[in-house]
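The block underneath contains the structure these notes are about, expressed in structure tokens.
The values are calculated or read from the model by the stated rules, or taken from the named source; none is laboratory data. Predicted model, so just to flag it, every value in this text is computed and none were measured. Cβ: placed from backbone, ideal geometry, glycine included. Neighbour counts: every protein chain shown. Note: accessible area is taken over every heavy atom of the protein model, side chains too, but ligands, DNA and RNA are not part of it. Shrake-Rupley method; radii C 1.70, N 1.55, O 1.52, S 1.80 Å.
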Amino acid sequence: MQADPVDYMARAQWLRAVVLGANDGLVSVASLMVGVGAAGQSAKATLVSGLAGLVAGACSMAIGEYVSVYAQYDIEVAERERRRRECGSEKEGVEEEEGRLPNPLLAAAASALAFSLGAVPPLLAGGFISSWGVRVGVVCAVSSLGLAGFGAAGAVLGGANVPNSVLRVLIGGWSAMLVTYGVLRVSGLVFGMHVSSV
């Protein structure tokens, strides 16, 4: 007996929210911690900055996802109401679709949770290391492993090419960390902050 083919399109909505949220959490907090380290801040300041990034980012993701999915919900409700008026409520399948409407609260919660889970590895990896160079190296290494894992998981669940997905996610994450490091390093020099030597 042949198994039913996987409906990858049906996974698209929740997969996008989870992978995007986790990836954003990892990249945002790792970049923030590397950037704060570039300005020569202490391990405690780096930890607090990372924690602030986790909370602010999770809230931002939740609100953004809620607004986005609620807009989709409104559009779908309006479209179904239009079809109901045109075809009549007896049209087969119109009522069956009611249970398939997107859930804005569920999407918001999933995004916030995914962001938070993605932010935890760099926060725990580098938040308690006093040496600046070791801290930045550990955050970058742990973040790279996490990014590769998210890229691979997203590709497998979405039926896409795994190496391409992993490479794309790694390049994006490394770029974000490098840009944040560079901007804050220059800012630290401009504003006369003590900058740790590489």
Note on the stretch 172-192: residues closer than 16 Å to residue 22 by Cα and either without any contact (Cβ under 8 Å) to a residue 60 or more places away in the chain or touching a Gly at 6+ places or on another chain (Cβ under 6 Å) (or both) are 174
Quick one: which of 53, 40, 21 is modelled with pLDDT of 75 or more and under 21 Å from residue 183 (Cβ atoms)?
53
Checking the structure you have, find out if any residue of the stretch 82-103 is at pLDDT 90 or above and over 23 Å from residue 35 (Cβ atoms).
no
Out of 116, 165, 111, 130, which single residue is over 30 Å from residue 70 (Cα atoms) and either polar (S, T, N, Q) or in a helix (DSSP H, G or I) (or both)?
130
Select, from 138, 120, 162, the only residue that is modelled with pLDDT of 90 or more, farther than 28 Å from residue 45 by Cα and open to solvent by 20 Å² or more (accessible area, probe 1.4 Å).
162
